[in-house]
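Since the structure comes first, as structure tokens, the remarks are kept for the end.
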Amino acid sequence: MKLNKFVAFPFVIMFLAIPLQAQWEIGGVIDINLASISVKPGSSTEDYSGRLGFGIGAVVDRQLTDQIDLHAEPMFLQKGGKIDASIGTIVFKVHYLEIPLMFRYAFEYNNSLLPYAMAGPSIGLLSSAKSELKDGGEQDEKEATRGFDFGVGVGGGVKLPMGNKTFFAETRYLLGLININTEGGESTVKNRGLQIVGGVTIPID
């Protein structure tokens, strides 16, 4: 229960900080996730590498000042990694309803292109977890995987306003902070990911 409250706390604080008169924008987003896992302690008989994951979802922006906005991207996101073991390559696939909530700071550059830096927390609610062998075998890992993930993302991107639409592209690194392995006495497993994101928003009244 204490951990759940810790995860929810930054989201509550951020929403309380939003001015009531701020402008809303909504839209869609796609995500390419160069996912990996951090395993500690790692096994001397195993090697760990990344897997390519994808995400798709919505985006909600709310302007706080002329240069700062709050940027949420609720999406379905694929995470995980590959484990090269004596029995072959195991692909660990974990899928989440991911909710990144980022502060974006836009730099003044010119009238058409707005570069920005971003940082903030991200929470993931587990949808599925499984281990898949190259020979086609598969094992459900949901019982051994924590039901939520929590991490911190940092990165940057650019916004391109065109008429009433705003296109954006960004890259961020997501550092998982929670051990998603619930098996007692086993190694800690944390998600990592380099995400390449693109999307578009439109204002709403």
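The values are calculated or read from the model by the stated rules, or taken from the named source; none is laboratory data. Keep in mind the model is a prediction, meaning the values are calculated, not measured. Backbone-built Cβ (ideal geometry, glycine too); neighbour counts: all protein chains shown. Just the protein is used for accessible areas: all its heavy atoms, side chains included, with ligands, DNA and RNA removed. Shrake-Rupley method; radii C 1.70, N 1.55, O 1.52, S 1.80 Å.
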Farthest positive-ward along region 117-193 dipole, Cα basis, beta-carbon charges - from S127, G176, A117: A117
Difference of contour (0.36 nm per residue) and Cα-Cα distance, A119 to S38: 27.1 nm
Exposure of I26 as accessible area (Å², to 10), given a probe of 1.4 Å and all protein chains: 70
C-alpha center-to-center spacing [region 61-125, region 26-54] in angstrom: 14
Farthest positive-ward along the chain dipole, Cα basis, beta-carbon charges - from Y105, G81, L194: Y105
Label-point separation, I202 to D135 (7 Å along Cα→Cβ), nm: 5.3
Prolate/oblate/rounded label for region 113-167 (Cα gyration tensor, a/c 1.5): prolate
Coil-residue trypsin sites (Lys or Arg not before Pro) of region 102-201, DSSP, other Cβ within 10 Å capped at 16: K134
E46/I26 FRET efficiency (R0 41 Å; Cβ-Cβ; nearest 0.05): 0.40
Reach of K165 by Cα under 20 Å, taken over aspartates and glutamates that are not fewer than 8 positions away in the same chain: E25, D31, D61, D66, D69, E73, E108, D205
Candidate aspartates and glutamates for bridging to K82, where Cα separation is under 12 Å - those fewer than 8 sequence places away on the same chain excluded: E46, D47, E132
Using a Förster distance of 35 Å, the FRET efficiency for T182-I56 (Cβ separation, nearest 0.05): 0.80
Residues with amide H under 5 Å from that of N181, placed H, sequence gap 5 or more: R146, V189
Hz values of 3J(HN,Hα) by residue in region 122-127 - Karplus curve (6.51, -1.76, 1.60), Gly and Pro given as x: 9, 10, x, 9, 5, 9
Simple Cβ-charge dipole of the chain, Lys/Arg +1 and Asp/Glu -1, about Cα centre, in debye nearest 20: 260
Paramagnetic reach from S112 in region 160-201 [backbone N under 12 Å; point 7 Å along Cα→Cβ]: 160-163
On Cα atoms only, tilt of 2-16 relative to the major axis of the chain in degrees: 10
Dipole magnitude (debye, nearest 20) for region 93-205, charges at Cβ of Lys, Arg, Asp, Glu: 420
